[in-house]
Every structure is written in C-alpha cells, then in structure tokens.
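A.B. asks: This is the structure I want to talk about, given as structure tokens.
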Amino acid sequence: MSTSTTTAGQQRYRMSVLAWPLALAKSATNSPTALRTETVELLSALSAEDHTALEQELFDAGITTSDGQLSEAWQELLAQVLSANIVVDFVSRTPDASQHTQVWLFGGLAAAYTQARTVRQESDGTIEVVGLDPVADLVLFRETDLWPVLAAGLPDHPLLQAPAANAALADRPKYAIPAEDVAALQTSVHQTSVHGSTPVPAVGGLPPEVRDAVVRPKASVHVTVSTQQKQQGAVWALSEKLYSLRGPTRHGSPANHAPASRLVEVSAGDVAREVLWLVFGAHDLQASTEERSTNAAGNGAR
C-alpha cells in the first residue's frame, strides 16, 4: 500500500496508518517512552499477519532493509524525529471530517504525519467520531515550507488557507464567552478518540453568526506548539467569518482557571501568522534555554 513521490523538495509517503508508528517503534527500541501509550498499545495488538504486511510496506518504501532493520538514513532521521525539541499538533475539522497532523521540527527540517477521521454532526450539534482512515500521509520537508504543508490539509476556504502575509493588523469586533464554553469549544475542536461524542458549547448572548462559529462551525482549527519547557496553542472557528479564541486560555492556560475569553473576528492569513509566530516563539525559547545551559556549564568549569 505504501507509495512515495517527490515534488518541490518534499518527499511524500502514503502508507497504512500504523506503518509510521511501527517505524518509530523500531527507532525507539532504546527509548520506548518516546512513543505515546496508545501507539504502543495499538502496535502490541496487531495480528502476526497485519504486522507482516506493515513490515512489507516499510521495506517497499525503502525505510527498512530486507532483514526488517531501519536503513542507515532512516535510522538517523527517526532519531532526530524522536528527539525533536519542537512538536506541532495541528487539527482541523468540518461537520463530516477531521484531520490530525503532527509535525516534528529539527535542524531546519521537518516530518509531518497526518491521519484523517470521519465525523458526524448530530441534529443537536454534537460531533460523533465514527471512523479512522486506514491510510495516512507522511511528508518530509524543509521547515520553511511548514505553512504550505499544513495549509494543504485544511478545508478548502481562503480564510483558513491564506498565507501570513494576508493577515490584517486592524482591530476587529470582540465577543466575550464564559470559561466553560471555552473548554467545550477546545474539546470539540481537538477531539482525538476514534469513537465517542463531543459536547456542544452552550454559548448564549452572542450575535447569531458568532454563535454559529462556536456551536455549529463550518470548520474549526486547533494548533498546539510544544517544547520541553512550554506548550502554547490557538483555536479558530469559521462561520460566515473567521474567529480566533483569545484570552487567558489561548496559550495553554487551563480553561477552568480563566473567568472568560474572547472570540475575535480575524482576517484571512491569521491562522498562518499565529502558527508561524508560535513556532518562532518556540525556537526563541529553545535558543534561550540552550544559551543558559551553555553559560551555566561554562561557569561551573571555572
């Protein structure tokens, strides 16, 4: 099932959804904690037949050698992925589908792994996750192409896919929403279980088009950028216009500790600008941490 193509400096692989986790598991033999618990459980539950089929996929893609070991190039690449200091989780959802992308950034390069889910929106607005696409996408690329890679998987709408250069800086209308509705909105956007339903925020007192963005959006987007020191994120919801969730919970603070947040109407390009800004901040934090560590080591050697 595995296929690969190279376009515009990007290497793309189409493979079974568990082929990439199996490759990571091979690299993580000496560091099993680098894999998520659910990934380890899924791999452990594979039948011998399914495991053999996945091994064949990895060999066909050139990731492993005939004896099932990672090739030298892929061993080096996966070691960098597992030790990446910056990880981006990017989730987009429409009423009938969601797409989950995880990106590892290392040394100016990046690897992005994307899984799609089928969802169903009930009459009351509740979102039910009903299926997982058995095939996933892996893209290897330069970090400078981060936004084009992420944008390619977004719902086809100019307000979501526009580059950062299109973002406007002018103030736009802002709408306060209670903390409990912030939590419900974040949960509804970032649903990760394969089965189960997600509650709908009970937002009141908002203009109809703003309430639609929260309760029944045409699309929603959630990004989280993580380093060893910090995790930051942002949420957007689309109705006729695009709204960004701003306030105490925007950059990782627990929603139940925040009295309220705001939905801010934003322009095309805001998603790209915020994603790239969060990544820039993660790099800056990482550089500062490394500098402090170097200075501390130098002082200790004196």
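The values are calculated or read from the model by the stated rules, or taken from the named source; none is laboratory data. Everything quoted here is computed from the prediction, not taken from an experiment. A quick note on method: Cβ atoms are made from the backbone with ideal geometry, for glycine too, and the neighbour counts reach across all protein chains shown. For accessibility, only protein heavy atoms count, side chains too; no ligands or nucleic acids. Shrake-Rupley method; radii C 1.70, N 1.55, O 1.52, S 1.80 Å.
A.B. asks: Output the residues belonging to the stretch 243-279 that are open to solvent by less than 20 Å² (accessible area, probe 1.4 Å), at pLDDT 50 or above and assigned to a loop (DSSP other than H, G, I, E, B).
C.D. replies: Across the stretch 243-279, the qualifying residues are Ser267, Gly269.
A.B. asks: Read through the list (1) more than 20 Å from Thr227 (Cβ to Cβ); (2) of a type outside the set (Val, Ile, Thr); (3) outside any strand (DSSP E or B); (4) over 14 Å from the mean Cα position of the chain (by Cα), then give the number of the only condition that Gly131 fails.
C.D. replies: Every listed condition holds for Gly131 apart from (3).
A.B. asks: Filtering the stretch 278-294 down to residues that are in contact (Cβ under 8 Å) with a residue 12 or more places away in the chain and not β-branched (Val, Ile, Thr), which residue is farthest from Ala168 (Cα to Cα)?
C.D. replies: Applying the first criterion (in contact (Cβ under 8 Å) with a residue 12 or more places away in the chain) to the stretch 278-294 yields 278-279, 281-283, 285-286, 289.
If we keep only those that are not β-branched (Val, Ile, Thr) as well, we get 278, 281-283, 285-286.
Working: Leu278: 17, Gly281: 20, Ala282: 23, His283: 24, Leu285: 26, Gln286: 29 Å.
The qualifying residue farthest from Ala168 (Cα to Cα) is Gln286.
A.B. asks: Something else: Scan (1) closer than 20 Å to Met15 by Cβ; (2) at pLDDT below 95; (3) open to solvent by 40 Å² or more (accessible area, probe 1.4 Å) for the single condition Leu109 breaks and write down its number.
C.D. replies: Failed condition: (2).
A.B. asks: Can you name the number of the only condition in (1) modelled with pLDDT of 85 or more; (2) closer than 21 Å to Gln102 by Cβ; (3) assigned to a loop (DSSP other than H, G, I, E, B) that Gly62 fails?
C.D. replies: (2)
A.B. asks: Now, a different point. Among the residues of the stretch 65-74, what is the count of those that are assigned to a loop (DSSP other than H, G, I, E, B) and either among the polar types (S, T, N, Q) or touching a strand residue (DSSP E or B) at 6+ places or on another chain (Cβ under 8 Å) (or both)?
C.D. replies: Here is the first cut: in the stretch 65-74, the ones assigned to a loop (DSSP other than H, G, I, E, B) are 65-69, 71.
Narrowing further to those that are either among the polar types (S, T, N, Q) or touching a strand residue (DSSP E or B) at 6+ places or on another chain (Cβ under 8 Å) (or both): 65-66, 69, 71.
Qualifying residue count, the stretch 65-74: 4.
A.B. asks: Is it true that some residue in the stretch 290-299 is surrounded by 14 or more Cβ atoms within 10 Å (Cβ to Cβ) and at pLDDT 65 or above?
C.D. replies: If we filter the stretch 290-299 for residues that are surrounded by 14 or more Cβ atoms within 10 Å (Cβ to Cβ), which is where we start, we get none.
Checked against the condition, which is being surrounded by 14 or more Cβ atoms within 10 Å (Cβ to Cβ) and at pLDDT 65 or above, the stretch 290-299 yields no hits at all.
A.B. asks: Among the listed residues Ala151, Ala116, Ala111, which satisfies the condition of being of a type in the set (A, V, I, L, M) and in contact (Cβ under 8 Å) with a residue 60 or more places away in the chain? Steps first, answer last, please.
C.D. replies: Details: Ala116 fails: in contact (Cβ under 8 Å) with a residue 60 or more places away in the chain; Ala111 fails: in contact (Cβ under 8 Å) with a residue 60 or more places away in the chain.
Of the residues listed, the single one that is of a type in the set (A, V, I, L, M) and in contact (Cβ under 8 Å) with a residue 60 or more places away in the chain is Ala151.
A.B. asks: Shifting gears a bit: Could you give me the residue pairs with C-beta distances under 6 Å whose first residue belongs to the stretch 45-71 and is under 19 Å from Thr3 (Cβ atoms), whose second residue is part of a helix (DSSP H, G or I) and at pLDDT 95 or above wherever it lies, and which are 6+ apart or on separate chains?
C.D. replies: Ile63/Trp74; Thr64/Leu58
A.B. asks: Then there's this: Return the residue satisfying two criteria in turn: it lies in the stretch 138-191 and is modelled with pLDDT of 95 or more, in a strand (DSSP E or B) and not aromatic (Phe, Trp, Tyr), and of such residues it is surrounded by the fewest Cβ atoms within 10 Å (Cβ to Cβ).
C.D. replies: For the stretch 138-191, the residue satisfying everything is Arg142.
A.B. asks: Would you point out the residue of the stretch 33-47, among those that are assigned to a helix (DSSP H, G or I) and open to solvent by less than 80 Å² (accessible area, probe 1.4 Å), that is modelled with the lowest pLDDT? Give the derivation first.
C.D. replies: Let us first name the residues in the stretch 33-47 that are assigned to a helix (DSSP H, G or I), namely 33-34, 37-44.
Checking which are open to solvent by less than 80 Å² (accessible area, probe 1.4 Å) leaves us with 34, 39-40, 43.
Details: Ala34: 58, Thr39: 73, Val40: 76, Leu43: 86.
Per the stated criteria, the residue is Ala34.
A.B. asks: Please pick out the residue among Ser92, Ser83, Ser98, Ser66 that is closer than 30 Å to Val275 by Cα, open to solvent by 40 Å² or more (accessible area, probe 1.4 Å) and among the small types (Gly, Ala, Ser). Walk me through it before giving the result.
C.D. replies: Values: Ser92 fails: open to solvent by 40 Å² or more (accessible area, probe 1.4 Å); Ser98 fails: open to solvent by 40 Å² or more (accessible area, probe 1.4 Å); Ser66 fails: closer than 30 Å to Val275 by Cα.
Going through Ser92, Ser83, Ser98, Ser66 in turn, just one is closer than 30 Å to Val275 by Cα, open to solvent by 40 Å² or more (accessible area, probe 1.4 Å) and among the small types (Gly, Ala, Ser): Ser83.
A.B. asks: Here's something else I'd like to know. Could you please tell me which pairs satisfy a Cβ distance under 6 Å, a separation of 6+ or placement on different chains, a first residue in the stretch 1-22 that is more than 22 Å from Ser44 (Cα to Cα), and a second residue that is among the aromatic types (Phe, Trp, Tyr)?
C.D. replies: So the pair list comes out as Ser4/Tyr13; Gln10/Phe141.
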